[in-house]
Amino acid sequence: HEAKNGPVALPELESAPLPIPTMEILVSSNLSLNLLYKFVKKKEEEIKKKKNGEGEDRDKEDRELDESAVTFSKRRNGIIKKAKEISVLCESEIGIVIFSSLGKMSEFCSPNTSLSTLLEKYQQHSGKKLWDAKHEKLSAEIDRIKRENDNMQIELRHLKGDDLNSLNPRELIPIEEALQNGVASVRAKQMEYLKMLKLNGKLLEEENKKLAYLLHHQQLAMGGNQSGHHQREAEYASEVPMALRVQPIQPNLQEA
């Protein structure tokens with residue numbers, strides 16, 4: 001504050017030295033910060049080196065996988081090529097199944113055969129069972145159905161008149177009977193169809209006459225020519241069946 005005689009001088013504060021415990025705390029704090037900084041820096045460098053190392057390892061693994069895939073493809077093609085040569089030159093039956101490390105399957109089988117046939121031969125000659133009883137039963141059922149289908153195809157060709165030269169006279173008798181029964185069934189069906197058509201024709205004809213008779217009476221009721229009434233009525237009455245003609249009114253016997 002300023003007084004009347006001018007500003008008042010404040011007493012100067014003497015700077016006192018810090019006590020010893022306070023200096024020790026500051027020094028130790030600085031050391032701790034330095035150590036913490038160095039520790040964090042070291043960890044960052046280690047993480048960076050690790051990432052770089054992982055990237056290099058990943059690139060190395062990718063290169064190794066690519067090289068392995070190329071090698072596998074070359075070796076597989078070479079094996080299949082050799083198998084084809086042996087199959088053709090030596091007239092042998094060969095079957096190969098190859099699985100890559102990724103699970104992709106490649107196969108080769110000699111012409112005019114199949115892997116299932118080769119596996120069945122292997123099972124017969126080696127005595128080792130490749131399938132359990134359930135699969136064997138299913139395979140037997142499939143073979144039975146195939147045989148039945150083949151027999152039915154042969155019978156169908158015989159019924160069509162094909163491949164009859166291989167049959168003897170006794171085998172031709174049931175085929176002839178089957179054809180005769182088929183012809184009789186077809187003729188019976190045709191006759192039934194014709195009868196139905198005739199019946200429908202009669203019903204339509206009666207319906208047409210009924211409609212013509214009703215139309216004639218409607219025209220008369222609307223004021224037709226009275227002079228030719230009886231003549232036209234007689235003409236239409238001759239065309240209408242007896243069941244549709246108007247019957248005379250009978251007295252009610254109960255009321256009488």
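Since every read-out is calculated from the coordinates, none of them should be taken as a lab result. What you see is a predicted model, and the numbers here were worked out from it, not measured in a lab. FYI the Cβ positions are ideal-geometry reconstructions off the backbone, even for glycines, and counts take in every protein chain you see.
So the values come out like this:
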item	result
Pairwise FRET efficiency - Gln190 versus Lys160, Cβ, R0 = 22 Å, nearest 0.05	0.55
Cα→Cβ-extended label distance, 7 Å offset, between Lys43 and Glu91, nm	7.9 nm
Paramagnetic reach from Ser100 (point 7 Å along Cα→Cβ, amide N under 12 Å) across the range 60-76	65-76
Stretchable slack from Glu205 to Lys121, in nm (0.36 nm times residue separation minus alpha-carbon distance)	22.7 nm
Violating pairs (Cα-Cα greater than 30 angstrom) within the set Lys84/Lys121; Lys38/Lys60; Lys60/Lys81; Lys84/Lys128; Lys74/Lys134	Lys38/Lys60; Lys60/Lys81; Lys74/Lys134
Proximal lysines to Lys42, defined as alpha-carbon separation beneath 26 angstrom and excluding residues fewer than eight positions away on the same chain	Lys50, Lys51
